Amino acid sequence: MKRREYLATAIGLLFATPPATAQHPGSAVTTVREIYATISRADTLALRALLSTELRWILGSSGAVATKQQLLGAASRPIPDVRLEYQLDSVEALERGGVATVDYLLTNRRTFRDYQTVFTSRASDTFIQQNGRWRLIRHSQTWVVHSPDTTSMDSLHLAAFVGRYDRGHGYIDDVHFQDGHLVAQSSYEALMGAPGAHLYPVSQNTFSPERSAPMIVFERDARARVTGYVQQQPDGTIARAPRLGPHEPPPNELRR
């Protein structure tokens, strides 16, 4: 492994130009830094030289796969008034022969005028040696989920959400009180003997299961009665679960 000292420290923010540090030009870690530096300043000429023609860049937000030309095309169209900054931490690299991998925690700050959004991902890059330098052949990343800010809610307000919710095909969410908290236990969890998910209130009608799963938004009718909920799954699909009456069987049981 080359230049182990680079793995002991986190890499700082990348601005319009790469930091002027004395790193070995053959280091794959250095190449990772150069890639984000060229992207931040929309320098597609320099970026092209760092990428393999066989590049596959997997987007963390959707799982879509971009080729070298697609990545260069996106990098060549910077958005006016937007500044990109990248921070790499927890960097680990392994070089063996003509192949190198670099794993790291990536923080991406996007600033539009005075407004800033921050996204954090676990990223992994694979490089191959071509013409005496490392070139990126595969990039993948997975977003790191941050727990949402929650709020307090009295039991009287929480009681409005207690009930059974039909997600279809006999799959029911049983929302009930447990140890003073609102808990959603699915049919699957009940069969396994699992306690279900603690629902943390985020707003008046929105809850975060265990502060990590996709949020549940409860729906109300014109009389403010809770009629069901919607929840977006990690793959983007929307699950709708209408509320069942106190003794109402799921629709599939009515057909039996």
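The values are calculated or read from the model by the stated rules, or taken from the named source; none is laboratory data. Treat the numbers as computed from the prediction; the structure is a model and nothing was measured. So basically every Cβ, Gly included, is an ideal-geometry build from the backbone, and we count neighbours across all protein chains shown. The area values use the complete protein model at the heavy-atom level, side chains included, leaving out ligands, DNA and RNA. Shrake-Rupley method; radii C 1.70, N 1.55, O 1.52, S 1.80 Å.
From the P(r) of segment 155-243, could you give the percentage of C-alpha pairs in the tail past 18 Å? Please report the intermediate quantities before stating the final value.
On the way: 1546 of 3916 pairs.
That fraction is 39 percent.
Once backbone amide H atoms are built at 1.01 Å from N, L51 has L136 as its partners under 5 Å, excluding neighbours fewer than 5 places away on the same chain.
To the nearest ten degrees, helix 28-40 and the longest principal axis of the Cα atoms of the chain are 70 degrees apart.
Couplings for segment 59-74, taken from phi via the Karplus curve 6.51 cos²θ - 1.76 cosθ + 1.60 with θ = phi - 60°, read 7, x, 6, 9, x, 5, 10, 10, 8, 4, 5, 5, 5, 5, x, 5 Hz in order; Gly and Pro are left as x. With K and R counted +1 and D and E -1, the other residues having a Cβ less than 15 Å from that of S124 yield a net charge of -2. With all pairs of separate Cα atoms included, the chain yields a Kirkwood hydrodynamic radius of 21.8 Å.
So for the chain: antiparallel DSSP bridges make up what percent, rounded to the nearest 5? Bridges in the chain are about 95 percent antiparallel. Surface exposure of the chain, expressed per residue as accessible area with a 1.4 Å probe, stands at 58 Å². Report, to the nearest whole %, how much of the accessible area of the chain belongs to carbon and sulfur atoms, 1.4 Å probe, protein only. Here carbon and sulfur together make up 53 percent of the probe-accessible area.
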